[in-house]
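In what follows, a single structure is set out as structure tokens and then discussed.
The values are calculated or read from the model by the stated rules, or taken from the named source; none is laboratory data. Source: prediction; values computed, not measured. Ideal geometry is used to build each Cβ from the backbone, glycine not excepted, and the neighbour counts take in all protein chains shown.
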Amino acid sequence: MPTAACRSPAATAAARLDRLERAQAAYDTERALEDPFVLAELRTSGEAFAGEVVSAEPSRTIITAASRAVLRPRFTVRTGDPVRLEPGRVLICPAHHRQRVQIADLTRTATDAEVVLEVVQGMGTPGRPTPGAVPAIGELVSFTPDPGFFAQRDFPPPDQIPWTHGGPLVRRAVGPGEETPS
């Protein structure tokens with residue numbers, strides 16, 4: 001009687017591991033938004049940071065490729081936390097759940113870091129900016145990665161995966177006088 005495989009093929013296992021890692025990261029971020037002790041733990045590892053706003057451009061606009069003016073406020077946060085997040089990462093502030101910011105630039109020195117953040121969601125329109133969308137200079141803020149930002153990795157389609165990693169097996173034709181494999 002044939003038995004089911006005890007282990008998943010490598011490609012299936014990698015996709016499942018990716019899905020579980022993204023779910024764990026989203027869960028950890030959700031916990032950080034609700035629990036200041038979890039946020040403090042993420043700050044010590046460099047996955048989140050807190051600091052003081054040192055500059056702000058609340059009415060900054062950019063022109064898109066379609067020649068449309070779009071509101072993109074920016075502000076700079078100076079922090080003494082170790083920041084291990086890269087530019088382009090989308091963050092969320094526990095105090096402003098609906099707002100998303102993106103790291104535009106990061107400058108590290110021996111003692112602190114300056115993070116330039118651009119508001120990408122929750123800032124309003126050029127004609128009607130949302131009040132308080134950009135923190136005031138001197139305000140203390142904290143940020144952690146956005147739980148919806150953890151994108152799925154691209155894996156090759158099943159027919160492109162080599163047989164050594166669980167892809168399709170190529171069976172050779174049985175010639176005259178040869179036995180069929182069992």
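Is it the case that Thr29 is assigned to a helix (DSSP H, G or I), of a type in the set (S, T, N, Q) and in contact with a strand residue (DSSP E or B) (Cβ under 7 Å, 6 or more places away or on another chain)?
On the way: assigned to a helix (DSSP H, G or I): yes; of a type in the set (S, T, N, Q): yes; in contact with a strand residue (DSSP E or B) (Cβ under 7 Å, 6 or more places away or on another chain): yes.
Against the criterion (assigned to a helix (DSSP H, G or I), of a type in the set (S, T, N, Q) and in contact with a strand residue (DSSP E or B) (Cβ under 7 Å, 6 or more places away or on another chain)), Thr29 qualifies.
Look at the range 85-131 and say how many of its residues are exposed (fewer than 13 other Cβ atoms within 10 Å of the Cβ) and of a type outside the set (Ser, Thr, Tyr).
Here is the first cut: in the range 85-131, the ones exposed (fewer than 13 other Cβ atoms within 10 Å of the Cβ) are 86-88, 97-98, 105, 107-111, 125, 127-128, 131.
Add one more test, that the residue is of a type outside the set (Ser, Thr, Tyr), and what stays is 86-88, 97-98, 105, 108, 110, 127-128, 131.
Residues that pass the stated criteria total 11.
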Quickly run through the range 63-84 and pick out the residues that are free of Cβ contacts under 8 Å to residues at least 12 places away in the same chain and either surrounded by 18 or more Cβ atoms within 10 Å (Cβ to Cβ) or assigned to a loop (DSSP other than H, G, I, E, B) (or both). Thr64, Ala65, Ala66, Ser67, Arg68
Between a residue in the range 5-34 that is modelled with pLDDT of 85 or more and any residue that is part of a helix (DSSP H, G or I), which pairs come within a Cβ distance under 7 Å, given they are 6 or more apart or on different chains? Arg31/Val38
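If a residue must be over 14 Å from Val120 (Cα atoms) and not hydroxyl-bearing (Ser, Thr, Tyr), how many such residues does the range 70-94 contain? Full working, then the answer.
At the first step, the residues of the range 70-94 found to be over 14 Å from Val120 (Cα atoms) are 76-86, 94.
Subsequent filtering for residues that are not hydroxyl-bearing (Ser, Thr, Tyr) retains 77-78, 80-86, 94.
Qualifying residue count, the range 70-94: 10.
Would you be able to say whether some residue in the range 111-120 is in contact with a Leu (Cβ under 6 Å, 6 or more places away or on another chain) and at pLDDT below 90? Step through it out loud before you land on a result.
Within the range 111-120, the first condition is being in contact with a Leu (Cβ under 6 Å, 6 or more places away or on another chain), and the residues that meet it are 115.
Subset that is at pLDDT below 90: none.
Taking every residue of the range 111-120 in turn, none turns out to be in contact with a Leu (Cβ under 6 Å, 6 or more places away or on another chain) and at pLDDT below 90.
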Could you list, ordered by first residue, the pairs with Cβ atoms under 7 Å in which the first is in the range 105-132 and part of a strand (DSSP E or B) and the second is surrounded by 14 or more Cβ atoms within 10 Å (Cβ to Cβ) and among the small types (Gly, Ala, Ser), at least 6 apart or interchain? Leu106/Ala113; Thr107/Ala113; Val116/Ala104; Leu117/Ala104; Glu118/Ala104; Val119/Ala133; Gly124/Ala133
